[in-house]
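Q: Below you'll find the structure I mean.
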Amino acid sequence: MRVLKFGGTSVGSAERMQALVSLINDDVPKIVVLSAMSGTTNHLVEIANALYAKENDKAKHLIDALEKKYFDVIKQLYKSENSLTKAKELIESHFNYLRSFTMDMFTVNEERAILAQGELLSTAMFHYHLEEINIDSVLLPALNFMRIDENEEPDMKYIEQNAKTELANYPNKKLFITQGYICRNAFGEIDNLKRGGSDYTATIIGAAIQSDEIQIWTDIDGMHNNDPRIVDKTHPIAELSFDEAAELAYFGAKILHPTCILPAQMRNIPVRLLNTMQPQAKGTVITSKSTGDGTKAVAAKDGITAISIKSGRMLLAYGFLRAVFEIFERYKTPIDMITTSEVAVSLTIDNTTNLDAITNELKEFCSVKTEKDLTIVCIVGNFTAEKQGYAFKIFDALKNIPIRMISYGGSPNNVSILVDSKLKKDTLVALNKGLF
Ligand code: ADP
Ligand code: ASP
Ligand code: MG
């Protein structure tokens, strides 16, 4: 069984949905994971924000506008009156559901239910389209088997069991459609895998059913060597290892959800990144194999806060770092980068929810300085310890960029530097010039 995920642009219009059929209509048994139509989740976020702010008129306006878009899409998508009527009813039921929130209390649970509507709509609409053109398929509700645990991690055991049970209900079927992004949480409520989470759905399902390949279909021909939204003249990379791809995804390469590589890596399932607009292009294949030497790609992650900790007591002392890390652990705040000297530690976080509480506790035994609006630029490749010159090339390229922190040697695949976010573009461009 193969898993194919199609992102927002790949289902972004009636035309795109129709074009998608030729990519999935063969004899290979498959699960097709769909995102919401592009723009929908952002629009739903706006609706939720208006409801939080009790701006109910604004929310109604936004709901009406989005509904109209969907009515326009179905007019182009379906040929028969029968399909069109069914799709109209589908859209009305989802949008009336959204309207019901304008009369009610609004909490984070309602917000998550709202955010789930995009994937529920796109999958049902595509399923109706397949029905209309006589392609047999099954719509599998992701909410029946996708679940996260109390730590918001995928509950792999539950997912594996329940996905297999769902599939076993249809022993003679070959084509399954399901929603990306959405899931239930440990309390059984509707939840999601965070923005861009459909990639994660695909790799989680791929791992759960031990699929032979996971394909992520998007609007670009694979993982590029630099951020194509910021830098000109980037190119696709044919092969990446799981470790390399995971670093790039985590450090900002938007083409992949930050943590989606892990489930595939755990079960050693190749991940292929492909372009729906250019299906013949080779794309990128991600496997356990690491090929090539030196720098392969660069990515950048914004919204980073640096915390610098200094203490005379650190000198020649053991247990100091443990005391520091324990505080971050207690506040469930992951640390991205870290550098130390004999009397000071600097580290970075991106989740600042508990920043005040963390710094208050740190201040009990050391001096603390924080700095916001920073960017981690991550340089990924094969930097074997035995070879010389990698660091020189990187820092030569960056000779005109003020660097706040450097992390090298943590893994043979990554060099990370921390810069002011205002210098992100300059940094990416300088690296493109100097390294590729
Ligand atoms: P989808 O809706 O299919 O999930 P995304 O917008 O999430 O698509 O991801 C694809 C986009 O990621 C590309 O259009 C590109 O602009 C952006 N991107 C950022 N960094 C990279 C990179 N290193 N390689 C390829 N694409 C990247
Ligand atoms: N629709 C969700 C989002 O826009 C999930 C995804 O597209 O991967 O974030
Ligand atoms: Mg995406």
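The values are calculated or read from the model by the stated rules, or taken from the named source; none is laboratory data. Everything numeric in this text was worked out from a predicted model, so none of it was measured. Using ideal geometry, Cβ is built from the backbone for each residue, glycine included, and neighbour counts are taken over all protein chains shown. Accessible surface areas use protein heavy atoms only, side chains included; no ligands, DNA or RNA. Shrake-Rupley method; radii C 1.70, N 1.55, O 1.52, S 1.80 Å.
Q: From the residues Ser241, Phe145, Ala391, which one has its Cα farthest along the dipole of the chain in the positive direction, the dipole being from +1 and -1 charges on Cβ of Lys/Arg and Asp/Glu about the Cα centre?
A: Ala391
Q: Bin width 10 Å, origin at 0, all Cα-Cα pairs of the stretch 20-150: what percent of pairs per bin?
A: Taking every Cα pair in the stretch 20-150, the percentages come to 11, 39, 32, 15, 3, 0.
Q: Mind checking the per residue accessible area of the stretch 81-181 for me, 1.4 Å probe, whole number of Å²? Before the final figure, lay out the partial values.
A: Working: 4820 Å² over 101 residues.
Normalised by residue count, the accessible surface of the stretch 81-181 is 48 Å².
Q: If you keep only loop residues by DSSP, which trypsin sites (Lys or Arg not before Pro) in the stretch 30-83 have at most 14 other Cβ atoms within 10 Å of their Cβ? Each step should come with its number before you reach the end.
A: Details: sites: Lys30, Lys54, Lys58, Lys60, Lys68, Lys69, Lys75, Lys79; in loops: Lys54, Lys79.
Filter output for the stretch 30-83: Lys54, Lys79.
Q: Counting DSSP beta bridges with both partners in the stretch 67-205, what percentage is antiparallel, nearest 5?
A: If I count the DSSP bridges inside the stretch 67-205, around 50 percent turn out antiparallel.
Q: If you don't mind, there's one more thing I want to ask. At 10 °C and 1.306 mPa s, what whole-number value in µm²/s does Stokes-Einstein give for the translational diffusion of the chain, with Rh from the Kirkwood sum over Cα pairs?
A: In µm²/s, the coefficient is 67.
Q: What whole-number distance in Å separates the alpha-carbon centres of the stretch 179-206 and the stretch 280-323?
A: One Cα centre to the other: 26 Å.
Q: Assign unit charges at the C-beta atoms only (+1 for Lys and Arg, -1 for Asp and Glu), then state the dipole size of the stretch 147-261 relative to its Cα centre in Debye, rounded to the nearest 20.
A: Computed about the Cα centre, the dipole is about 440 debye.
Q: Compute for the stretch 84-201: radius of gyration divided by Kirkwood radius, i.e. Rg/Rh, restricted to C-alpha atoms, rounded to two decimals.
A: Working: Rg = 15.3 Å, Rh = 15.5 Å.
Using only Cα positions, Rg/Rh for the stretch 84-201 is 0.99.
Q: What is the stretch 336-436's relative contact order, in percent, from Cα pairs under 8 angstrom and six or more apart in sequence?
A: Numbers: 106 pairs, mean separation 29.2, N = 101.
Normalised by residue count, the contact order of the stretch 336-436 is 29 percent.
Q: Also: Pulled fully out, how much extra length does the chain show between Lys233 and Ala168, if you take 0.36 nm times their separation in residues and subtract their Cα-Cα distance?
A: 18.7 nm
Q: Continuing with the same structure: Compute the acute angle (0 to 90°) between the alpha-carbon long axis of helix 320-330 and the principal axis of greatest extent of the alpha-carbon atoms of the chain; round to the nearest 10°.
A: Once rounded, the angle reads 20 degrees.
Q: I want to verify a result. In a Gaussian network model of the chain, Cα cutoff 10 Å, which of these has the top mean-square fluctuation: Val419, Val345, Val271?
A: Val345
Q: Let me ask something additional. Using the scaling law 2.2 N^0.38 Å as the reference, what is the normalised Cα Rg of the stretch 142-273?
A: 1.10
Q: By how many nm would the segment from Lys369 to Glu153 lengthen if fully extended, with 0.36 nm per residue of separation less the alpha-carbon distance?
A: Details: separation 216, 0.36 × 216 = 77.76 nm, distance 3.14 nm.
Gain on stretching Lys369 to Glu153: 74.6 nm.
Q: Place +1 on the Cβ of every Lys and Arg and -1 on the Cβ of every Asp and Glu in the chain, take the dipole about the Cα centre, and give the residue among Gly12, Met125, Ile47 whose Cα lies farthest towards its positive end.
A: The Cα lying farthest towards the positive end belongs to Gly12.
Q: Right, another one. Mind listing the long-range amide H neighbours of Glu239? Cut-off is under 5 Å, sequence gap 5 or more, other chains count too, H placed in the peptide plane at 1.01 Å from N.
A: Here Val285 satisfy the definition.
Q: Of all beta bridges DSSP finds with both residues in the stretch 226-376, what is the antiparallel percent, to the nearest 5?
A: 85
Q: Give the relative contact order (percent, whole number) for the stretch 26-125; include only Cα pairs under 8 Å separated by 6+ residues. Display every interim value, and only then the final one.
A: On the way: 68 pairs, mean separation 44.2, N = 100.
Relative contact order for the stretch 26-125 comes out at 44 percent.
Q: Moving on. Let me know the charge dipole size of the stretch 276-360 about its Cα centre in debye, to the nearest 20, where only the beta-carbon of Lys, Arg (+1) and Asp, Glu (-1) is charged.
A: 220
Q: Compute the relative contact order of the chain as a whole-number percentage, counting only Cα pairs closer than 8 Å that sit 6 or more residues apart in sequence.
A: Taking the mean separation of contacting Cα pairs over the length of the chain, I get 13 percent.
Q: In the Gaussian network model of the chain, springs joining C-alpha atoms below 10 Å, which of Leu193, Leu120, Leu23 carries the largest mean-square fluctuation?
A: Leu23
Q: Also, quick follow-up: Once a ≥ b ≥ c are taken as the square roots of the eigenvalues of the Cα gyration tensor of the stretch 1-89, is the result rounded (a/c under 1.5), prolate (a/b larger than b/c) or oblate (a/b not larger than b/c)?
A: Cα axes put the stretch 1-89 in the oblate bin.
Q: Over the stretch 348-399, average the accessible area per residue using a 1.4 Å probe and give it in Å², no decimals.
A: The answer is 55 Å² per residue.
Q: Please give the helix 198-208 orientation as an angle from the longest Cα principal axis of the chain, in degrees from 0 to 90, rounded to the nearest 10.
A: Taking Cα atoms only, the helix is inclined about 90 degrees.
Q: Just want the answer: with Cβ charges of +1 for Lys and Arg and -1 for Asp and Glu, which residue in Phe328, Leu62, Asn82 is farthest toward the dipole's positive end in the chain?
A: Phe328
Q: So which of Lys5/Lys372; Lys5/Lys174; Lys58/Lys79; Lys75/Lys174; Lys254/Lys425 end up more than 25 Å apart, counting from Cα to Cα?
A: Lys5/Lys372; Lys58/Lys79; Lys75/Lys174
Q: I'd like the antiparallel share, as a percent to the nearest 5, of DSSP beta bridges with both residues in the chain.
A: The antiparallel fraction comes to roughly 60 percent.
Q: Right, next: If you build a Gaussian network model of the chain, linking Cα atoms that sit under 10 Å apart, which residue out of Thr178, Thr276, Thr352 swings the most?
A: Checking each option, the largest mean-square fluctuation is seen for Thr352.
Q: What's the angle, to the nearest 10 degrees (0 to 90), between helix 117-132's Cα axis and the longest principal axis of the chain?
A: Between the helix axis and the principal axis of the chain, the angle is about 40 degrees.
Q: Here's something else I'd like to know. How large is the dipole of the chain about the Cα centre if only Lys and Arg carry +1 and Asp and Glu carry -1, each at its Cβ, rounded to the nearest 20 debye?
A: Dipole size: approximately 740 debye.
Q: Using a 1.4 angstrom probe on heavy atoms only, work out the carbon and sulfur share of the accessible area of the stretch 352-391 in %.
A: 43
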